[in-house]
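Quick note: the coordinates plus some simple rules give every number you see, no bench work behind them. A quick note: this is a predicted structure, and the numbers were derived from the prediction, not measured. Glycine also receives a Cβ, built like all others from the backbone with ideal geometry; neighbour counts cover every protein chain displayed.
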Amino acid sequence: MSQPLRAAVIGVGVMGANHARVYARMPQTTLVAVADLDENQRTRVARTYKARPYADYRRMLEKEDLDVVTIALPTHLHHQVAKETMAAGIHTFVEKPMADSVTAAQDMIATSRQHDVLLGVGHIERFNPAVIALKERLMEGQLGTIYQIHARRIGPFPPRVKDVGVVFDLATHELNIMEYITGAGIRSITAVTKQTLHDSHEDMVSSIMRFDDGVIGMIDINWLTPTKIRLLSVLGERGMFRVNYLTQELWFYENRSAQDHWLGLVTVGVTEGSVIKYELTRVEPLRAELETFVEAVLHGHNGLVNGEEGLRAVFLAEQVLRASREQRWITLPPYIPVPARYDHVDPLPIS
């Protein structure tokens, strides 16, 4: 590559400002512009990273010659803005959730194909080193048969999120991760939601799901807990893995009985064995994610979470809400997740 890709960010709130920082610091990109309605915010971010600020993203698209753009706006705006950036021939990265409906997500995919540009979706936990290590160990068969996956993503209420509830904002993380690490599709879902503090959307969801291969999934998600917890556990015949998303730690709790072959121990079931904490290099998942997006733009698909996976997460979120609304189990059509192989760009350690 002779020249860095020219990058811009539309929406430089908390997450968008981080995208601007990463684009400004990656050798493969140059941050040339940012757009945001908030004058103070766009001016601050533009000044920090020596980019041009715009109040109107359409004006930015007219004036700037862009190669890649991140859209980090409220979810209901993703569809329209992404259609415009892709129609302008710009490879587009949209923060998760991809859209607020399946119909909108499908239209975004169709637009990317029509204009032959890449559409990436920001499922950042896929680039968490603990998740990557977990996936690799499950593929190697270290856990044996998987029985259950349980995710807890809980914490305080975020006033910035106004247009979606916890299902679209948070559950989409776990729904994507669960199908990804198991390599199996979710086949049925039941759920209960509750609206407590949010003005118009649910702020709590508990859901149980069954996968095509018989694995049971559980999610516990809310905006009501006064401390932030991000945990994922995978239970199987040889023990249990536990991921702490926040600390990027992976632990394995061995079922000692599964390592023994005495016939007399068949009735014992499960006994405590070794506890292993794996040594992982901490990275910034957003940096790894955007490096993968840029490498995909330059060289083709390489593990980027694409529009089809983003659409799947939106579809599953809709089914969770439907199951809660109709108070019954929802059966889904068969689905084959992305290939098990994980081709990712090696991320840089956190400095």
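Data for the structure
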read-out: Angle between the chain longest axis and helix 14-25 axis [Cα atoms, degrees, rounded to 10]; value: 70
read-out: Stokes-Einstein D in µm²/s, Kirkwood radius over Cα pairs - region 129-247 at 25 °C with 0.890 mPa s viscosity; value: 165
read-out: Full-stretch length increase - residue 25, residue 39 - with 0.36 nm per residue and alpha-carbon distance subtracted; value: 2.7 nm
read-out: Efficiency of FRET from Cβ geometry, residue 199 and residue 136, R₀ 51 Å, rounded to 0.05; value: 0.75
read-out: Square roots of 5 times each gyration tensor eigenvalue, C-alpha, the chain, largest first, Å; value: 37, 23, 19
read-out: Reach of residue 50 by Cα under 21 Å, taken over lysines that are not fewer than 8 positions away in the same chain; value: 63
read-out: Extension gain from residue 281 to residue 308, taking 0.36 nm per residue of separation minus the Cα-Cα distance; value: 6.7 nm
read-out: Virtual spin-label span in nm between residue 251 and residue 3, 7 Å along Cα→Cβ; value: 5.2
read-out: Size of electric dipole in region 5-124: Cβ of Lys, Arg +1 and of Asp, Glu -1, about Cα centre, debye, nearest 20; value: 440
read-out: Space enclosed by the convex hull of the alpha-carbon atoms of region 142-201, per residue, Å³; value: 119
read-out: Virtual spin-label span in nm between residue 76 and residue 299, 7 Å along Cα→Cβ; value: 4.2
read-out: Distance (nanometres) between label positions extended 7 Å along Cα→Cβ at residue 326 and residue 208; value: 1.9
read-out: At R0 = 25 Å, FRET efficiency that the Cβ-Cβ distance of residue 62 and residue 107 yields, to 0.05; value: 0.60
read-out: Kirkwood Rh in Å, taken over all unlike Cα pairs in region 5-124; value: 13.9
read-out: Helix-only CD estimate at 222 nm, as mean residue ellipticity for the chain, using -39500 (n - 2.57) per DSSP H run (n ≥ 4); value: -10000 deg cm²/dmol
read-out: 0 to 90° range, to nearest 10: angle between helix 285-299 axis and the chain longest Cα axis; value: 70
read-out: Extension gain, residue 114 back to residue 274 (0.36 nm per residue minus Cα-Cα distance, nm); value: 52.2 nm
read-out: Mean projection area, nm², convex hull over Cα of region 121-174; value: 5.0
read-out: Mean separation of Cα contacts under 8 Å, 6 or more apart, over the residue count of the chain: relative contact order %; value: 18
read-out: Among 158, 142, 178 the positive-end extreme of the charge dipole of region 127-178 (Cβ point charges); value: 158
read-out: Set of lysines with alpha-carbon distance to residue 277 below 23 Å, sequence-local pairs under 8 removed; value: 135, 228
read-out: Proxy reagent accessibility, fewest Cβ within 10 Å first, across 119, 37; value: 37, 119
